[in-house]
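The values are calculated or read from the model by the stated rules, or taken from the named source; none is laboratory data. Because the structure is a prediction, the values reported are computed rather than measured. Backbone-built Cβ (ideal geometry, glycine too); neighbour counts: all protein chains shown. Remember, those area values only see protein heavy atoms, side chains included, never the ligands or the DNA or RNA. Shrake-Rupley method; radii C 1.70, N 1.55, O 1.52, S 1.80 Å.
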Amino acid sequence: MTHSTALIHYTLHLADDGLILGHRNSEWTGHGPILEQDIALSNIALDLIGQARNFYQYAAELINIGGLSGPSNISNPAMGPGLSDGPRSPVTEDQLAYLRDGWDFKNCLLVEQGNGDWAKTILRQFLFSAYQTTLYEKLAQSRDKTLAAIAAKSYKEGVYHLRWSSEWVIRLGDGTEESHTRMNNALDELWKFTGELHTAATYELETAAKAISPDLSTLQPLWKEKVKEVFDEAGITYPPSVWMQTGGKEGRHTEHLGYVLAEMQFLQRAYPGCEW
Amino acid sequence: MAENQWPLWEVFIRSKQGLDHKHAGSLHAADAQMAIENARDVYTRRMEGVSIWVVESKYVHASSPDDATSFYEPANDKVYRHPTFYDLPDELKHM
Amino acid sequence: MRVNIHHMSVQDLEKIFQDKIDADIRIEPKDWMPDAYRKTLIRQMSQHAHSEIVGMLPEANWITRAPTLRRKATLIAKVQDEAGHGLYLYAATETLGAGREELLEQLHTGKAKYSSIFNYPTLTWADMGAIGWLVDGAAIMNQVPLCRASYGPYARAMVRICKEESFHQRQGFEILLTLSKGSAGQRRMCQDAIDRWWWPSVMMFGPNDDASPHTAQSMQWKIKRFSNDELRQRFVDICAEQVKILGMTIPDPDLKWNEQRQHYDFGAIDWDEFWNVVKGNGPCNKERLAARVRAHEEGAWVREAATAHAEKRELKKDRA
């Protein structure tokens, strides 16, 4: 794997995390438990999709530059057949989002899990934001100036998401017997997907070695500390070690992603090559 | 039914440094922290603010319209409180 | 001197009230107002609020299928604005003494109405364009005059809403414009959406003036500033021109410029359909209401938990 392929994969991974979680959160728009919170979650969806767009645009730029200097990167099957087939016009953010299949998506498994109830959605956001803020804080120091700039901007948004979701975890954990039970059920469903957050994919090992991305193992203790602190206040027990599911970052997903993509990509697939 | 309703809060927003907080509207929230965040999400989506105050609506005490005449009309004939009341020559500068 | 309203006759109070309105002085929450004015306002404002939140549903239906990232973000922002507009209007209605929970109850039990337009389905992506252009266009035409409504909190909410609404119509037209320049399939989608949304949009202005008995009173109170037919005519005139830019047609064979009237003539409205959709026989009445009820009911435990937590925290603070 060349340096730039790892960088492209890593950038796509960051983009996919944002898009899939933003997409999931946006499923709540119009259906939230109260108007004020409907608006709040839609805001988070917008932030995440905005971050995804920045990363996709950068990935497209890298792919297009690579394509100019030689066809090897762009025709890499890992980029997706939708991108390597046919005439070689410049890749766009939308092609990356709408024309890759599940095995090319590099989001972690956590973000593709279904919304479930408000407790599950909140917990998913919290576990992810706790990871994303520590990641972005470090990524803002990346040797890759573009990634550093996107991370620095996105970090500010992430801090708010973390604050908002932390408060909700505490509210639900502490609130009523029902909300406490629902929070524990959500934890039971989601915990097995948290290990992947700090397990490096092959391209992440490379980007970390080049000081493009932080060493994930250094982020893990920070994440645990934050999660523990909030769980303590919420009256939730930090779960013991369990067998963790991984693979999303390498393109091996749960069944959920296929449906997300089928819905999301429908128009681009049914009417190929159109402007929208 | 109504006891499940989160209390109502009044929202005041400072649109930029140097200006007063101004009433923007109201919203429901379970506590002050949530009210501030809801206000941020509801009333500053288009960069309308740099600072937020919230106060639970039940703590706002208002003058009564019944008192309007006795409250505000007495100020009508106190024109001497306004600078334009004083007749001074045009040659006088910086005053 | 204290003016004690309790010593004044209702006639005197009504005269003072109407004089204020005639002089374009806004009525504020604590001011005396006739019961009928309060009731009419609560009905009108809450209906508008309900329309905003039910109106989120047909568009939210396409958020997960929006064809580009830019369109997806815009659509989320737009539907989110509608939640905001509903919120501003509920808040304004609350100043009249009607709590949001009570108003929602009226919506959920079918006692309160909302705009019938949202009982039509969104079948293709082009519907996002048609809703923005036609439905929001009609709504704006209704709403702009309400920025000068006599009731202060209502007028202020409308000012905020109209300011935010301005991007909605533009994004809708842009969607249609893009489709109109696209493939044959996209152009077909574009025309089909205009065909389906045109008449329901024209109906949004409500019954003809002669069948609208409350208009005179509402206009005297300045909570309605133009009649249904005046606004409808204005809407038709504008759209009949705008559709030319799209190179599409409006599905009305009787639509013709009338030189003498200096307005477009247009065909008869199917009031049978209108009243049927109002009464609950539209294609999506049941689904829309069910979706709102479900969101509210499934949110009950969330709202309770937040209240319980807030109470516990207060208690802890008091003990400390």
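Across region A:3-270, the convex hull enclosing all Cα atoms gives 117 Å³ per residue. Applying 1/(1 + (r/R0)^6) with r as the Cβ-Cβ distance of residue C:36 and residue B:64 and R0 = 22 angstrom yields a FRET efficiency of 0.45. How big is the A-C contact in terms of buried accessible area, both chains counted, 1.4 Å probe, rounded to the nearest 100 Å²? In total, chains A and C hide about 4000 Å² from solvent.
Note that region A:183-276 presents 52 Å² accessible area per residue, ligands and nucleic acids not counted, probe 1.4 Å.
Loop-resident chymotrypsin sites (Phe, Trp or Tyr not before Pro) (DSSP state other than H, G, I, E or B) in region B:1-91 with no more than 16 further Cβ atoms inside 10 Å of their Cβ: B:86.
Taking GluC sites (Glu not before Pro) across region C:214-293, the ones in a DSSP loop with at most 14 further Cβ atoms lying within 10 angstrom of their Cβ are C:259.
With a Förster radius of 45 Å applied to the C-beta separation of residue A:101 and residue C:177, the computed FRET efficiency comes to 0.90.
Compute the distance from the alpha-carbon center of region C:41-90 to that of region A:229-275, in whole Å. Using only Cα atoms to place each centre, the spacing works out to 26 Å. For chain A, the 222 nm mean residue ellipticity estimated from helices alone, with every DSSP H stretch of n ≥ 4 adding -39500 (n - 2.57) and the total spread over all residues, rounds to -21500 deg cm²/dmol. Burial of accessible area (probe 1.4 Å, heavy atoms of protein chains only) in region A:91-133, relative to its chain alone, reaches at least 30 Å² for A:94, A:98. The reciprocal of the average 1/r between distinct C-alpha atoms defines the Kirkwood hydrodynamic radius, which for chain C equals 21.6 Å. Per residue of peptide C:92-102, the mean number of Cβ atoms on other chains within 10 Å of the residue Cβ is 3. In region C:21-49, burial by the other protein chains removes 30 Å² or more of 1.4 Å probe accessible surface, compared with the chain on its own, from C:30. Counting Cβ atoms of other protein chains within 10 Å of each residue's Cβ and taking the mean over peptide A:193-201 gives 0. Distance between the modelled labels on residue B:56 and residue A:145, one decimal in nanometres: 5.3 nm (7 Å Cα→Cβ projection). Interface size, chains B and C: roughly 2300 Å² of accessible area buried, both sides included, 1.4 Å probe, rounded to the nearest 100.
In region B:23-40, burial by the other protein chains removes 30 Å² or more of accessible area from B:26, B:28, B:30, B:31, B:33, B:34, B:37, B:38, B:40, compared with the chain on its own (1.4 Å probe, ligands and nucleic acids ignored).
The coefficient of translational diffusion for the protein assembly as shown, derived via Stokes-Einstein from the alpha carbon Kirkwood radius under 10 °C and 1.306 mPa s, stands at 57 µm²/s. Residues of region A:12-56 with backbone nitrogen within less than 13 Å of a virtual label 7 Å along the Cα-to-Cβ line of residue B:46, please, listed as ranges. Answer for region A:12-56: none. Here residue B:78 is the anchor, and the aspartates and glutamates within straight C-alpha reach of less than 17 Å, apart from those fewer than 8 places off in the same chain, are B:87. For region C:27-125, the share of alpha carbon pairs falling in successive 10 Å distance bins from zero is 15, 40, 27, 13, 4, 0 percent. Its residue count N sets the reference 2.2 N^0.38 Å, and the alpha-carbon radius of gyration of region B:8-85 equals 1.50 times that reference.
Provide the FRET efficiency to the nearest 0.05 for the residue A:275-residue A:232 pair, computing r from the beta carbons and using R0 = 60 Å. My answer for the efficiency is 0.70.
Angle check, please: helix B:32-43 long axis (alpha carbons) against the longest principal axis of chain B (alpha carbons), in degrees 0 to 90, nearest 10. Computed tilt is about 70 degrees. Accessible surface computed residue by residue for chain C, with neighbouring protein chains in place and a 1.4 Å probe, gives 44 Å² per residue. Identify, among C:119, C:68, C:277, the residue whose Cα sits farthest towards the positive end of the charge dipole of chain C, taking +1 on the Cβ of Lys and Arg and -1 on the Cβ of Asp and Glu, with the dipole about the Cα centre. So the residue furthest toward the plus end is C:68. Helical runs (DSSP H, four residues minimum) scored at -39500 (n - 2.57) apiece and divided by the length of chain C put the mean residue ellipticity at 222 nm at -20000 deg cm²/dmol. Neighbouring Cβ atoms from other chains, within 10 Å of the Cβ of residues in A:161-169, number 2 on average. According to a simple spin-label model (label point 7 Å from Cα along Cα-to-Cβ), what is the distance in nm between residue A:217 and residue C:265? Inter-label distance under the simple model: 8.4 nm.
The simple spin-label model puts a point 7 Å past each Cα toward its Cβ; for residue C:11 and residue B:14 those points are separated by 5.4 nm. Nonpolar atom fraction for the protein assembly as shown, defined as the carbon and sulfur part of the 1.4 Å probe accessible area, stands at 55 percent. Non-local lysine pairs in region C:96-222, meaning eight or more places apart or on different chains, with alpha-carbon distances under 28 Å, amount to 4. Peptides C:120-126, A:42-48, C:22-28, A:162-168 ranked from most to least packed by the mean count of surrounding Cβ atoms within 10 Å: A:42-48, A:162-168, C:120-126, C:22-28.
Helix C:35-54 axis versus longest C-alpha principal axis of chain C: approximately 50°, rounded to the nearest ten.
Taken across both chains, chains B and A shield about 1200 Å² of accessible surface from a 1.4 Å probe. Taking only Cα atoms, what is the 0 to 90° angle, nearest 10, from helix C:300-319's long axis to the longest principal axis of chain C? On a 0 to 90 degree scale, this one is about 40.
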